[in-house]
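Just below is one structure, and these are the notes that go with it.
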Amino acid sequence: MRCPVCGAEDSLSPLGDLDVKWDEIRLRFARPDLLDARPAFFASRGRACRSCGVLLPFLNGKQLEELREEFDELIPVAPDPKPGTLPSPECPS
């Protein structure tokens, strides 16, 4: 498998279980309304690239289905960069 960040061929690890301090890794989005909860999706598995070290978390089937149902209503936590904007030095892309 090719790494989506650095493009290295055959560099992704086998699928592994994610184990973090709070027992979850969440992908969170902005609140749709002041009183609404922030949409969050939990990842339980992932792969790592041996070339660049990026960690790619994956949603399980139930979380993926919820993401698909809410996809068009999700609000980003930060605006997309303007065309021509250089990435920050910390950004791998």
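Please treat every number below as a calculation from the coordinates, not as lab data. Given the structure is predicted, the values throughout are model-derived calculations rather than measurements. So basically every Cβ, Gly included, is an ideal-geometry build from the backbone, and we count neighbours across all protein chains shown.
Remarks
- Simple point charges give the picture: +1 on the Cβ of Lys and Arg, -1 on the Cβ of Asp and Glu, and for segment 16-73 a dipole about the Cα centre of about 420 debye.
- Leading residue at positive end of dipole, segment 16-73 (Cβ point charges), from Leu35, Ala48, Leu59: Ala48
- Stretch gain in nm, segment Cys6-Asp36, where the contour uses 0.36 nm per residue and the Cα spacing is subtracted: 7.1 nm
- Förster-model FRET efficiency, 22 Å R0, Glu73 and Leu18, C-beta, rounded to 0.05: 0.25
- Charge tally for Arg2 (other residues, Cβ to Cβ under 9 Å; Lys, Arg +1; Asp, Glu -1): -2.
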